[in-house]
Amino acid sequence: MPTRSTPPAAATHPSLAASYRCGSSGSPAASLASTSVGPAPLDASKGRFFLDSYGRRVLLHGANVSGLDKLPTEPNGFTHLDMGEAYFDGANISFVGRPWPLEESHEHLSRLRNWGLTFIRLVVPWEALEHRGPGEHDQAYIAYLHALISLLPQYGIRCYIDAHQDVWSRHAGGSGAPLWTLTLVGFDVRNLKATGAAHAHNLHLEPHDPPPNVWPSGVTKLAAATTATVFWGGDVFAPKRRVRRRLHKGEWGQGGNEGEEVGLQEFLQESMCEAFGVLADRLRELEGVMGFEVMNEPHKGYIELLSPYAWDFTADLAIGYFPSAVQSWALGCGHSVLIPHYAPSFPVTAVTHHVLLRPPQERSAWLTPSSLDFVALPTTTTGCIWAEHGVWQFDPQRGEVGEGVVLKQEYFRRFPEDVELKGCIEMEGGKDGRNGRRKQGEEISWYRDFYFPFVRKFSARIRRAPNPSSWLTFVEPMPNEFCPSYPTTSRPSNMVYAPHWYDLQTLFEKKLGFMTANVQGLSRGMFLLKALYFGRNGLKKNYALQISTILQHAYRQLGETPVVLGETGVPFDLNDKMAFETGDFAWQERMLDGICAAIGEAGLSNFNLWNYNPLNNDEWGDSWNGENFSWFSLSDVSPAALKAAEDGGEAARLNVGARVLDAVQRPYACKTAGIPLRTSFDMHTRRFTLSYINPIPPSSPLAAHVPPHVQAEATPGAPPLVGEECRARETEVFLPARRYGAAAREGRLRVEMRDGDGEWRYDEEIQTLYVLHANTTPGFVHTLRVSVSGPADRPALRRWYEPPAWLLSFLATGLDAVWVHLLVVVTVGGYMGWWLVGQAWRGEGFAEGWWAIGGDVKSFEEL
């Protein structure tokens with residue numbers, strides 16, 4: 001009898017029978033329950049598409065649930081709240097009730113199902129599982145998650161668990177790891193703000209404090225960068241600091257010998273793996289779990305850093321007070337340091353001024369042997385871990401206030417001594433025989449030497465028998481990086497590539513208008529004018545290019561492996577929060593439509609939108625670090641809105657609070673009885689198209705005539721045509737009743753199929769268009785066109801704030817590009833020159849720089 005660990009054999013869909021009537025399965029298109037996709041888990045091993053039990057290619061649309069999960073419920077950890085002393089108590093907290101109280105599940109899960117978002121990335125920070133101390137797991141929270149996830153199949157929803165972190169930890173300015181991990185490395189959490197070692201929004205609530213949107217630069221600050229470095233490579237870079245294994249109260253820790261000491265890297269990695277392993281053990285029998293993601297947006301800390309005197313500005317975002325590594329080490333030891341301040345600019349952030357920062361009373365970010373936190377979780381040494389290993393020292397004679405001096409310039413770039421990397425032994429034990437051995441001076445690769453081995457370790461613990469071997473392992477690169485070279489010997493089985501993408505210019509400027517820029521290209525040397533796009537269609541082309549580039553790199557590095565855009569989304573507080581006043585979210589809608597079209601249609605791929613937040617409101621957004629990404633907001637849920645929705649039934653009531661729903665709730669081919677080739681959706685006209693081909697089995701004579709698929713030339717729009725045959729004739733398309741239901745009832749819904757190839761039926765109640773094709777010949781291409789006749793259900797397309805489409809088209813194609821570029825350069829350059837001359841003449845507009853510091857000394861409390 002099959003179990004979760006032994007998937008059942010391939011099944012045959014009823015639609016394969018000649019007597020089958022279109023739509024008689026009654027399966028909702030967006031449903032991922034076993035009653036819809038068959039008894040076997042979704043298969044990620046046979047190409048770029050997920051396959052259901054019948055060999056149908058499955059596209060997944062879903063949401064991150066939720067940004068709220070980063071923060072405890074008790075005490076309330078919203079980052080705009082002053083938590084007082086409770087902020088420093090990392091043990092006595094609870095995440096039970098995130099993302100919502102269990103009794104509210106029906107409303108939220110029904111809403112997501114109604115929108116066709118049945119693929120959930122469930123945010124679970126390490127802190128929520130193991131906040132009390134090493135190896136002490138929160139069984140109440142684990143029980144809550146078990147109860148929540150057990151409900152998912154009733155709504156056709158499946159999820160994967162996202163081991164979420166940003167900037168390492170809440171107490172380093174983000175989310176993720178428990179507070180005790182910082183203590184273990186040696187940090188005095190109470191002094192992180194005073195020494196500039198972290199920027200936590202809960203501790204920066206005064207009006208003059210730096211804004212919360214500086215949080216991404218926290219990965220380069222002392223606390224997050226050091227702890228990440230130790231987590232990935234402590235055995236290499238910080239071997240002198242060790243800890244007793246049995247301080248871990250769980251299975252791994254108690255399995256050690258009395259008095260046994262281990263490095264910080266092993267202690268931290270084993271702790272995290274076991275915390276999520278304990279959760280996996282509890283969830284092993286639940287149909288709603290597809291797998292686990294290893295770590296959200298991992299950062300390598302100092303590893304591979306070219307020089308401690310400067311960060312890599314192509315990979316690390318400079319915003320706010322941005323000290324170099326050695327400057328942060330000096331600050332952490334209580335020394336005064338002159339550091340630059342960066343602000344959003346175009347096309348990249350720029351220095352606005354320099355400030356001399358002085359930790360008050362020379363306070364240190366590091367614990368002392370007498371500290372109570374150190375006594376509770378002692379290590380073999382204390383103090384600055386990088387000074388201890390001879391990487392730097394402070395020279396009080398240099399400069400006006402002294403400076404940090406780097407003693408080992410390439411310490412994080414080349415192996416400081418001969419080592420054996422335990423995690424690499426299994427990966428390298430065969431062909432080249434390196435067995436994890438590295439020579440002193442050999443160049444370091446963070447992915448090869450540290451990240452890939454941890455991915456395998458994490459995946460092995462999650463899928464340890466009797467847990468399902470079919471569970472997927474979702475893996476992503478560092479933020480803003482393309483897919484690295486990833487040898488098959490280094491990958492876990494059932495791996496899914498899950499990168500993220502955001503429009504970084506809009507994300508940090510909180511502005512969107514007539515022009516967008518390809519920041520992805522600019523950061524890699526693209527000519528500025530080539531990176532600019534204008535108008536609605538320009539935005540779509542821009543986003544499609546950037547996302548297709550991510551997908552293309554993935555297919556060329558990994559081969560035919562499924563890709564999920566694990567995070568992407570739109571900040572709703574764009575343009576000075578204008579939409580909150582006017583109720584017009586046209587800019588946000590345009591942006592989200594462009595994103596969804598780029599991934600799900602042009603890219604033929606899968607995504608999780610960031611994020612569905614049940615407590616979002618206009619004042620505090622998502623209640624985490626000033627973000628506001630949820631397209632559902634309580635600010636739009638009012639008695640009047642609920643009253644107006646009464647005539648529309650349950651579905652209309654669930655839509656109250658939703659914004660830009662035309663962009664979110666869109667048609668898509670959920671389960672295709674073939675290989676998708678092209679699909680498109682016009683949000684304004686409701687026109688939807690789909691082309692798909694009957695797979696060509698490798699055993700078919702036709703397969704020999706198909707051009708060979710070359711991995712190095714793979715593109716998102718050209719999937720391989722030779723593959724596993726489909727044991728179904730029926731395709732299921734999610735077609736929202738909100739936009740197509742009335743047209744169907746009134747006879748205005750038109751569905752055209754190539755050469756009358758089969759039949760179709762629309763079920764408004766479950767929002768499903770069934771398409772039953774007749775031709776099953778390998779290689780036959782099926783075409784589907786859906787349209788609505790009669791009056792439009794949306795306002796006219798063009799707004800007053802943009803030029804007509806013909807003008808944009810003429811500028812883009814009717815003029816020689818060289819002359820257009822020259823005109824733009826002359827116009828913009830002339831304007832900027834005139835402005836600068838005017839500012840200089842009036843003595844206005846220039847930020848104070850280092851030359852004008854004039855003794856302006858500030859502490860982090862003052863800033």
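Return the Cα extents of the stretch 66-497 along principal axes one, two and three, sorted largest first, each rounded to a whole Å.
69, 58, 50
Roughly how many debye, to the nearest 20, is the charge dipole of the chain about its Cα centre, given +1 on each Lys and Arg Cβ, -1 on each Asp and Glu Cβ, and no other charges?
Approximately 2140 debye in magnitude.
Would you work out which of Asn617, His705, Gly594 lies farthest towards the positive end of the dipole of the stretch 556-707, given +1 charges on the beta-carbon of Lys and Arg and -1 on that of Asp and Glu, about the Cα centre?
The residue sitting farthest along the positive end of the dipole is His705.
By the gyration tensor of its Cα atoms, with a ≥ b ≥ c the square roots of the eigenvalues, what is the shape of the stretch 416-505: rounded for a/c under 1.5, prolate for a/b over b/c, or oblate?
Since a/c reaches 1.5 but b/c is at least a/b, the shape of the stretch 416-505 is classed as oblate.
Please compute the contact order of the stretch 353-509 in relative form: average sequence separation of alpha-carbon pairs under 8 Å and at least six residues apart, divided by the residue count, as a percent.
About 13 percent, as a whole number.
From the square roots a ≥ b ≥ c of the eigenvalues of the alpha-carbon gyration tensor of the stretch 244-374, which class results: rounded (a/c under 1.5), prolate (a/b over b/c), or oblate?
Cα axes put the stretch 244-374 in the oblate bin.
To the nearest 10 degrees, how steep is helix 139-149 against the longest Cα principal axis of the chain, on a 0 to 90 scale?
For helix 139-149, the angle is close to 20 degrees.
May I ask you to derive the relative contact order of the stretch 66-497, considering only C-alpha pairs under 8 Å and at least 6 residues apart, and to give it as an integer percent?
15
Just report the Cα centroid separation between the stretch 505-570 and the stretch 623-677, whole Å.
After rounding, the separation between the Cα centres reads 25 Å.
Could you tell me how far the Cα centroid of the stretch 156-182 sits from the Cα centroid of the stretch 713-788, in Å?
Rounded to whole Å, the Cα centres lie 40 Å apart.
For the chain, take the longest principal axis of its alpha carbons; what is the angle in degrees between that and the long axis of helix 817-842, to the nearest 10 within 0 to 90?
40
Say each of Ser469 and Val826 gets a label point 7 Å from the Cα, pointing the same way as Cα to Cβ; how far apart are those two points in nm?
Taking the simple label geometry, Ser469 and Val826 are separated by 7.0 nm.
For Thr195, Thr516, Thr349, Thr827, which order do you get if you count the other beta carbons within 10 Å of each Cβ and list the fewest first?
By the 10 Å Cβ count, ascending: Thr827, Thr349, Thr516, Thr195.
About the Cα centre of the stretch 66-497, how large is the charge dipole given +1 on each Lys and Arg Cβ and -1 on each Asp and Glu Cβ? Please answer in debye to the nearest 20.
With Lys and Arg at +1 and Asp and Glu at -1, about 680 debye.
With +1 on each Lys and Arg Cβ and -1 on each Asp and Glu Cβ, how big is the dipole of the stretch 721-790 about its Cα centre, in debye rounded to the nearest 20?
Value, rounded to 20: 320 debye.
Using the Cα centre of the chain as origin and beta-carbon charges of +1 (Lys, Arg) and -1 (Asp, Glu), tell me which of Pro298, Ser638, Ile547 is placed farthest towards the positive end of the dipole.
Towards the positive end, the residue furthest out is Ile547.
How big is the antiparallel share of DSSP beta bridges in the stretch 66-497, given as a percent to the nearest 5?
60
Sorting Phe527, Phe607, Phe458 on the 10 Å Cβ count, fewest up front, what's the list?
Sorted ascending by nearby Cβ count, the order is Phe527, Phe458, Phe607.
When the chain is fully extended, how far beyond the present Cα-Cα distance does Ser150 get from Ala712, taking 0.36 nm per residue of separation?
Contour length minus the Cα-Cα distance gives 198.1 nm.
Towards the positive end of the charge dipole of the chain, with charges on Cβ (+1 Lys, Arg; -1 Asp, Glu), say which of Ser150, Thr382, Leu32 has the farthest Cα.
So the residue furthest toward the plus end is Leu32.
I'd like the orientation of helix 264-283 relative to the chain: the angle between its Cα long axis and the longest Cα principal axis, in ° from 0 to 90, rounded to 10.
30
Throughout, read-outs are computed from the coordinates displayed, never taken from laboratory work. Bear in mind the structure is a predicted one, so any value in this text is a computation, not a measurement. Neighbour counts run over all protein chains shown; Cβ positions are idealised from the backbone, glycine included.
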